[in-house]
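The structure under discussion appears below in the form of structure tokens.
The values are calculated or read from the model by the stated rules, or taken from the named source; none is laboratory data. All figures in this text were calculated on a predicted structure; none of them were measured in a lab. Because the Cβ atoms are built from the backbone with ideal geometry, glycine has one as well, and the counts that use them run over all protein chains shown.
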Amino acid sequence: MSKLTLLVILLIAPTSIAVRFDASGPYKSPKIGVIKRPLARTGGCNLQLPKDYKQQNNSYVFVDYDYQSKGAAQINVNGKDLMLRLVRRTEEDFQMKVGYRYFEEYASGNTRLRVDYVVRGVCPPNDEQCSVVVLSGVLTVRHKEGMKKIKTIGLCGS
């Protein structure tokens, strides 16, 4: 066997025995639902599916109970309300102006949640009584071995 033939075999062989991992695999994506029993809150962020936000109902898929400090959040995964704790976030120099992006990460047991926010609306500069920000958010939930992303929109503030 020539050196050229051996080289071709060595280059082709690894690609022919590559193992393909199917993302769907035996693991199911977690089902993200509306929180059944939201806890009372003061301030924080409430995120909804876009259709619920348009209907202005009280169906939330994410509630952050402590917006300005390390706190707790609530989601519903596979039909169960879960409390999560904040484990990481964008640095504290929030710039609440339209277009600003930031993230928060939460965890509890074998569930991880990342919320990627984009500020969509802020209070008018001269309105001292306004303390609400409109945000869109992408929730990425990792539960056991599955993962699910959903788009949301909602309000932060009091």
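For segment 76-105, the tally of residues that are basic (Lys, Arg) and either surrounded by 14 or more Cβ atoms within 10 Å (Cβ to Cβ) or in contact with a helix residue (DSSP H, G or I) (Cβ under 7 Å, 6 or more places away or on another chain) (or both) stands at 1. Out of the residues in segment 124-158 that are in contact with a Ser or Thr (Cβ under 7 Å, 6 or more places away or on another chain) and at pLDDT below 90, state the one that is surrounded by the most Cβ atoms within 10 Å (Cβ to Cβ). Top of the filtered list is 157. Looking only at residues in segment 32-75 that are among the charged types (D, E, K, R) and at pLDDT below 85, the one that is surrounded by the fewest Cβ atoms within 10 Å (Cβ to Cβ) is 70. Of the residues making up segment 134-148, those that are farther than 29 Å from residue 121 by Cβ and over 11 Å from the mean Cα position of the chain (by Cα) are 143, 144, 145, 146. Entry remark, segment 71-87: residues being under 14 Å from residue 47 (Cα atoms) and of a type outside the set (S, T, N, Q) number 2 in total. All of (1) touching a residue at least 24 places away in the same chain (Cβ under 8 Å); (2) within 19 Å of residue 33 (Cα to Cα) hold for residue 136 with one exception: (1).
Report whether or not residue 116 is touching a strand residue (DSSP E or B) at 6+ places or on another chain (Cβ under 7 Å), at pLDDT 95 or above and of a type in the set (Asp, Glu). The answer is yes for residue 116.
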